[in-house]
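Participant: There's a structure below that I have some questions on.
Please treat every number below as a calculation from the coordinates, not as lab data. Model, not experiment: these values are computed from the prediction. Glycine also receives a Cβ, built like all others from the backbone with ideal geometry; neighbour counts cover every protein chain displayed.
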Amino acid sequence: MEHVKAFIAAQGDLGAALKTAKNPFLKNDYAPLDQVQDAVIPVFGKHGFAVVQLGGSDEQGQYIDTRLDHESGSGYCCRIYLQFKAGDMQSLGSAITYARRYGLLSITGVATKDDDGQQASGMQSQKIARCDQLISALGNPTAEMILQFEREVKDLHKQVHGFDQSKAEQLRQAYKSAEKKVTA
């Protein structure tokens, strides 16, 4: 049961994987493997999971297994079968990347969201600036501030964690420290 609690906690901390790549054939945006890994691996690692992706084959064909192995010895596995042109290494490489990406997306439940370029960058900058404001304000806390900022800090932490884990952690620590000062 320890791995289930850790999984629930990790999902609660997940940010979204940004859709920063464009499929030239279908003309759609998608979250590439590196964005999915950036959203998933640190969060699940913090909760005691190792992400392992291994290839194999069985009577149904070649596949990529995506595993979340928990430090308790339990874990989860998702198998994605590969579809590629025989003898075409480019096709095989693309199929492996695709399977790794979709394995991580499906086993963790991480969402993907559009990266609207400058707009997303601007929103991220605004959120970072608000984090800095709150961190500064929480340096001299009052009980009213703790109540007033509690929800905003939690929401902002979750949003910022998806693109700046360090800043999100600074905000969380500043709030915890302020909370201790007020209750002491």
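Participant: Take the cross-link list 127/181; 5/167; 113/154; 19/46; 113/158 and give me the ones stretching past 18 Å between alpha-carbons.
Facilitator: 127/181; 5/167; 113/154; 19/46
Participant: Report, ordered by chain and residue number, the lysines lying within cross-link reach of residue 85, taken as a straight Cα distance under 24 Å and ignoring same-chain residues fewer than 8 apart.
Facilitator: In chain and number order, the partners are 22, 27.
Participant: Please compute the contact order of the chain in relative form: average sequence separation of alpha-carbon pairs under 8 Å and at least six residues apart, divided by the residue count, as a percent.
Facilitator: 21
Participant: In square nanometres, what is one fourth of the surface area of the convex hull spanned by the alpha carbons of region 118-183?
Facilitator: Reported value for the Cα convex hull: 3.9 nm².
Participant: Scan the chain and note any complete DSSP helix (H) whose C-alpha atoms cover at least 20 Å along its axis and whose Kyte-Doolittle average is -1.0 or more.
Facilitator: Length and hydropathy pass: 89-108, 118-137, 143-161.
Participant: Here is a further query. Show me the trypsin sites (Lys or Arg not before Pro) within region 30-132 that DSSP assigns to loop and that have at most 15 other Cβ atoms within 10 Å of their Cβ.
Facilitator: Answer by residue number: 85.
Participant: Rounded to a whole number of µm²/s, how large is the Stokes-Einstein D of the chain at 37 °C and 0.692 mPa s, given Rh as the Kirkwood radius over C-alpha pairs?
Facilitator: 177
Participant: Between beta-carbons, use under 13 Å as the cut-off and find the net charge around residue 6, counting Lys and Arg +1, Asp and Glu -1.
Facilitator: Overall, the nearby charge balance is -2.
Participant: Report the local net charge at residue 78: Lys and Arg +1, Asp and Glu -1, summed over other residues whose C-beta lies under 9 Å from its C-beta.
Facilitator: +1
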